[in-house]
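Accompanying notes for the structure given below.
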Amino acid sequence: MTYQITSTANPRIKALARLRRRHHREERGETLVEGYEELALALAAGVRPVAVFVCPDMTSPDEWSTLGEFDLAEVLLVSPPVFEKIAYRESPDGWLAVLPAIRTGLSDLRLPTDPLILVCDGVEKPGNLGAMLRTADAAGVAAVIATEAGTDWANPNVVRASKGTVYAVPVVAAGSAEVLAWLAGRGIPVVATTPDASVNYTELDLRGPLAIAVGEEKHGLSPAWQAAATHRARIPMSGLVDSLNVSASAAILLYEALRQRAAQPSSSGTRS
């Protein structure tokens, strides 16, 4: 096997390490995606990599055959020690790519007539954002919006936790005031999840255009979102804790909305 890169001091390898930092990702307009499944999903969504770094010793012929159907642009073969240096996940599988930054503007969204939107207000942990993206993808959510987030959608750990669905579900990063004005301008009501609500989530009508808002891990939804909410939803709790993990709360509300919509579907269409 002939490797193109065998030194961890190679400039290309050092550049990959810098992409783990948010300011450098934003400056370059690029991000990292590690893992065969994550890369395959991004490619299937139409993303064209800037470069792909592969350790052949860790990959399989089937993976090469599948990914070879896509335009991989520049492919660089690296030695096992080099890949261990650039990998940021446990048990790496030999695939890592540099991808263009994810478009995250409200103006980029194209919504169906009755959109179901998830708003993640102030959520800081990449694992939680990634988990909610996976749920949103499974539930057919039209968009996931992060407000006042402590991390960015291009964070490699968000991409990893989402299993690559950050490239399949439209995502947005914007301030709360901007998002609230955008929702109001489109007549999309907001359901706020809070343990202080008096109405259980199953008692609410979650059909039609809707934004479900969940709050940050420690303090929940900000006052701005609670004040703007059309409805406040409570998830009944019988145990000692008074709240669920934010990703679990989001999943419960999204699938209740999905259940209600399946029982009485809304009309379909597209609007901007």
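Derivation of every value follows stated rules applied to the coordinates shown; laboratory data play no part. In this text, all values refer to a predicted model and were calculated from it rather than measured experimentally. Using ideal geometry, Cβ is built from the backbone for each residue, glycine included, and neighbour counts are taken over all protein chains shown.
Computed values, structure above
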quantity	calculated
Most to least packed among 68-76, 107-115, 121-129 [average Cβ atoms within 10 Å]	121-129, 107-115, 68-76
GNM top mover of Thr230, Thr104, Thr194 - the chain, alpha-carbon springs below 10 Å	Thr230
Protection proxy ranking, peptides 31-42, 217-228, average beta carbon neighbours within 10 Å, highest first	31-42, 217-228
Where labels lie 7 Å past Cα in the beta-carbon direction, separation of Lys14 and Ala177 in nm	4.3 nm
Other-chain or far-sequence residues with amide H under 5 Å of Ala146's (modelled H)	Cys120, Val172, Ala173, Ala174
Percent of Cα pairs exceeding the 25 Å cut-off, where the set is the range 69-225	36 percent
Selected from Ala197, Ala131, Ala97 as most flexible by GNM, with the chain as the system and alpha-carbon contacts under 10 Å	Ala197
